[in-house]
Amino acid sequence: MGASHKKHVDDDSNLEIYSIIWLIPPCYNSEDVYKIQQRLRISINYLKIFEDNIQCEEYIRSVSSEDRLILIVNDQFARQLVPRIEQLRQVHSIYIHYLDKNINQQWFEQFSKIKSLSDKLDIVVTRIQSDHKIDDTFPLIIYNPHEFNSHFIFSQLLFDCLIHMNSNNKNEFISLCKNKYKDNENELNIIDEFEQNYSVNQALLWYTRKSFIYRILNKALRIHNIDLLFMLRFFIQDIYYQIEQYKCLHPIRVYRSHLMSYDELQLFQNSIGQFISINAFLSTRLDYGLELFYLYESNDFERVLFEIDADPRLNDIKFSRNIKFHSYFQENDEIIFLLGTIFQLDNIYLNDDGIWIIRLKLCSQNNSQLKSIFHILTNEYDYHQKTNLFSFGQLLLKQTHLDDAEKYYLRLLNEFSDQSENIIQCYNILGNLTKNKGDYELSIQWFKKAIQISTIENQNLIENYNIIGDLYIKIDDPKRAIEYYNRTLILLIKIFNEDHPELVVCLNNIAIAYKNEKKYHKALEYHEKALTILEKHPLIHQSDIAILHNYIGIIQRHLGYFNLALEHYQYALEICKYSFSSSYIDIAKTLKNMGIVYEDKNELEQSLLCLKKAATIYQDILSPIHPDMIEIEEKIQYILVQLK
């Protein structure tokens with residue numbers, strides 16, 4: 001049953017940060033192009049080829065600024081394209097393959113992202129492979145404890161949920177990777193090795209290997225790809241398990257080198273004393289000199305060395321001790337920090353070697369400035385609690401990530417297979433979600449699916465029938481609304497009885513649907529049934545009785561019984577005056593309705609009196625631009641004109 005709802009990561013999406021874009025003139029030999037593609041994919045899997053300059057530019061502009069594009073282009077296309085796209089953040093580097101031996105190299109030197117010019121494609125490929133390094137940048141959030149930061153809250157909750165929810169196997173992820181890397185023999189061999197040999201005790205080894213799973217995980221974390229993170233939770237949980245096994249027990253100082261743009265550096269300089277959440281597994285080294293060795297010169301970026309002091313004796317702090325013998329590269333002393341680890345920015349300064357030193361201090365959730373935010377996380381979102389598959393979806397809904405939540409619950413339909421209760425819950429959530437997005441017809445379909453597999457006549461079924469009725473009202477189909485309201489009514493009578501106040505809302509809904517069909521006598525019949533029930537419990541339902549008299553007055557007016565309408569409005573008005581549960585707005589609406597009936601009777605003085613009383617109440621409650629305020633002012637002006 002669930003298969004029809006299966007959703008996959010977009011077939012044309014790149015799972016990694018880097019992509020190669022190759023703009024090729026038609027004169028290139030197709031066999032040579034194929035060979036070059038195979039060589040390029042050893043370093044960067046995702047490669048798109050264009051033969052049209054305009055289409056190539058449109059694609060580059062459509063890509064997220066979080067991605068990194070490496071552009072290969074010949075000198076003729078480059079003169080048109082490079083000045084238009086070089087400033088885009090997603091364009092990481094450009095390599096020129098020139099055909100004209102008399103190329104004006106000086107023109108190309110004005111663009112800093114152009115890394116190489118060569119008349120030989122082999123040299124271009126070699127240079128790309130030499131220049132390309134695994135993207136070791138790490139996404140982070142700077143958090144000011146004096147300001148509300150929804151992104152910080154969502155990230156902390158997301159990582160907590162991924163860790164504590166029940167795990168999954170790697171099969172779906174393997175299947176996705178085999179499809180994505182189907183033309184990359186080198187990567188397919190590594191994927192096969194992972195499929196055959198991976199175990200929970202090898203998570204750190206595979207993470208530090210920096211192969212396909214490292215690159216995919218880091219991009220998913222960077223852009224919050226919910227679909228992929230859900231698929232990768234087995235790997236995230238295994239890394240957590242190993243860090244717990246090999247957690248550090250003593251205070252240490254570690255280092256991390258980084259190339260940073262000037263704008264990023266300024267952001268850090270303006271944030272001293274604030275907190276930084278690293279939204280990745282942060283890999284660091286114990287060896288200061290070795291980390292400096294990896295910090296190569298760059299004309300485009302500032303050289304930065306993070307100096308991190310970490311004390312594991314603080315509460316809720318976990319990071320690995322030296323994982324040298326659990327790492328793929330066992331020659332390095334390496335320390336890894338958990339997802340979402342929080343640091344405080346202590347200081348920034350430029351040392352004598354022209355390297356920016358950024359000093360960070362690891363923080364506990366018990367830090368006095370962080371306590372308030374973690375109090376919210378714990379009390380409102382079940383932070384650090386064992387969660388289930390629904391908890392993750394509820395997190396997305398609470399944070400109003402409606403599109404991600406919709407994809408997630410569609411995925412859950414496959415996870416639950418034939419577990420009917422869970423499937424019903426998914427259908428109901430999808431029904432409410434699509435209703436909130438304004439897609440009423442799709443919402444009706446989801447609620448009907450829930451009803452079709454429901455086996456118990458309970459409150460949930462009543463709610464579903466009623467919601468479907470409400471949705472048919474919204475799409476102006478009162479006939480079908482009445483059908484589902486009547487189903488609601490039948491169940492309510494079974495559970496309660498024909499005179500129980502629980503029936504009143506449903507009876508009123510049916511009446512309103514008949515009113516929309518202009519079947520006023522039927523509408524009156526159901527409103528009067530509701531009123532009869534409530535009048536048996538007058539002390540409990542005074543305000544509801546007043547509302548019903550208003551409803552009946554509206555119907556009597558439509559039937560042309562103006563005096564009867566006024567009688568019911570007068571009843572409503574008397575109840576509102578002496579009922580603590582009625583509001584001033586109820587009194588104002590009743591007075592407005594009376595004014596309209598007096599206008600129908602051509603008793604304009606009386607109409608004006610009622611409308612002015614209503615307007616006086618509105619002025620104390622509503623803003624001058626509120627639609628009800630505007631409507632009644634226009635009504636008063638109209639009556640005044642008629643009286644002249």
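The values are calculated or read from the model by the stated rules, or taken from the named source; none is laboratory data. Note that the structure is predicted; figures quoted are calculated from it, not measured. Neighbour counts are summed over all protein chains in view; Cβ atoms, including those assigned to glycine, are modelled from backbone coordinates with ideal geometry.
Among the conditions (1) at pLDDT below 80; (2) charged (D, E, K, R); (3) assigned by TED's automatic domain parsing to the domain that holds residue 46, residue 122 misses just one, which is (1).
Mind checking which residues of segment 169-197 are in a loop (DSSP other than H, G, I, E, B) and within 25 Å of the chain's Cα centre (by Cα)? Scanning segment 169-197 gives 169, 170. Residues in segment 369-424 that are at positive phi and of a type in the set (Val, Ile, Thr): 400 only. Any residue that is at pLDDT 90 or above and not in a loop (DSSP other than H, G, I, E, B) - is there at least one of those in segment 311-334? No.
Filtering segment 366-393 to residues that are surrounded by fewer than 18 Cβ atoms within 10 Å (Cβ to Cβ) and closer than 21 Å to residue 443 by Cα leaves only 390. For segment 273-310, a residue qualifies if it is in a strand (DSSP E or B), over 30 Å from residue 245 (Cα atoms) and not acidic (Asp, Glu), and the qualifying residues are 303, 304. Considering only segment 282-295, I want to know if a residue exists there that is of a type in the set (S, T, N, Q), surrounded by 13 or more Cβ atoms within 10 Å (Cβ to Cβ) and either farther than 16 Å from residue 347 by Cα or without any contact (Cβ under 8 Å) to a residue 40 or more places away in the chain (or both). Yes, there is a match, as at least one residue in segment 282-295 is of a type in the set (S, T, N, Q), surrounded by 13 or more Cβ atoms within 10 Å (Cβ to Cβ) and either farther than 16 Å from residue 347 by Cα or without any contact (Cβ under 8 Å) to a residue 40 or more places away in the chain (or both). Listed by first and then second residue, the pairs with beta-carbon distance under 6 Å, at least 6 apart or on different chains, first residue in segment 463-486 and within 18 Å of residue 438 (Cβ to Cβ) and aromatic (Phe, Trp, Tyr), second at pLDDT 95 or above and buried (at least 16 other Cβ atoms within 10 Å of the Cβ), are 472/480; 472/481.
Consider segment 381-415 and keep the residues that are under 27 Å from residue 319 (Cα atoms) and of a type in the set (D, E, K, R). The one that is farthest from the chain's Cα centre (by Cα) is 386.
Restricting attention to segment 40-64, and to residues there that are part of a helix (DSSP H, G or I) and β-branched (Val, Ile, Thr), which single residue is farthest from residue 131 (Cα to Cα)? So, considering only residues that are part of a helix (DSSP H, G or I) and β-branched (Val, Ile, Thr), the one farthest from residue 131 (Cα to Cα) is 54.
Scanning segment 198-224 for residues that are in a loop (DSSP other than H, G, I, E, B) and at pLDDT below 90 turns up 210, 211, 224. Filter segment 533-584 down to the residues that are aromatic (Phe, Trp, Tyr) and part of a loop (DSSP other than H, G, I, E, B), then identify the one that is modelled with the highest pLDDT. Looking at residues that are aromatic (Phe, Trp, Tyr) and part of a loop (DSSP other than H, G, I, E, B), I get 561.
Looking for something of a type in the set (Asp, Glu) and touching a residue at least 60 places away in the same chain (Cβ under 8 Å) - is there at least one such residue anywhere in segment 418-429? Yes, there is a match, as at least one residue in segment 418-429 is of a type in the set (Asp, Glu) and touching a residue at least 60 places away in the same chain (Cβ under 8 Å).
Out of curiosity, is residue 255 modelled with pLDDT of 90 or more, more than 28 Å from the chain's Cα centre (by Cα) and assigned by TED's automatic domain parsing to the domain that holds residue 337? The answer is yes for residue 255. Look at (1) modelled with pLDDT of 85 or more; (2) outside any helix (DSSP H, G or I); (3) within 16 Å of residue 159 (Cα to Cα) and you find that residue 349 fails only one, number (3).
Among the residues of segment 554-575, is any buried (at least 22 other Cβ atoms within 10 Å of the Cβ), in contact (Cβ under 8 Å) with a residue 40 or more places away in the chain and among the hydrophobic types (A, V, I, L, M, F, W, C)? Checking segment 554-575: at least one residue is buried (at least 22 other Cβ atoms within 10 Å of the Cβ), in contact (Cβ under 8 Å) with a residue 40 or more places away in the chain and among the hydrophobic types (A, V, I, L, M, F, W, C). Taken together, 428, 436, 388 contain a single residue that is under 26 Å from residue 171 (Cα atoms) and either in contact with a Ser or Thr (Cβ under 6 Å, 6 or more places away or on another chain) or not assigned by TED's automatic domain parsing to the domain that holds residue 365 (or both), which is 388.
If the condition is being surrounded by 16 or more Cβ atoms within 10 Å (Cβ to Cβ) and outside any helix (DSSP H, G or I), then segment 442-479 contributes 454, 477. Residues that are closer than 30 Å to residue 227 by Cβ, at pLDDT below 95 and touching a Pro at 6+ places or on another chain (Cβ under 9 Å) occur at least once in segment 61-72.
Considering segment 258-272, and only residues there that are over 28 Å from the mean Cα position of the chain (by Cα) and in a loop (DSSP other than H, G, I, E, B), the residue that is nearest to residue 332 (Cα to Cα) turns out to be 272. Entry remark, segment 448-481: residues being of a type in the set (Gly, Ala, Ser) and more than 20 Å from residue 420 (Cα to Cα) number 2 in total. Kindly provide the set of residues from segment 182-208 that are buried (at least 17 other Cβ atoms within 10 Å of the Cβ) and not aromatic (Phe, Trp, Tyr), ordered by number. 184, 187, 190, 191, 203, 204, 205, 208 - these are the residues of segment 182-208 that are buried (at least 17 other Cβ atoms within 10 Å of the Cβ) and not aromatic (Phe, Trp, Tyr).
Among residues of segment 150-171 that are within 15 Å of residue 393 (Cα to Cα), those with a beta-carbon under 7 Å from a residue that is surrounded by 19 or more Cβ atoms within 10 Å (Cβ to Cβ) and β-branched (Val, Ile, Thr) at least six positions away or on a different chain give the pairs 161/387; 162/236; 163/236; 164/387; 165/387.
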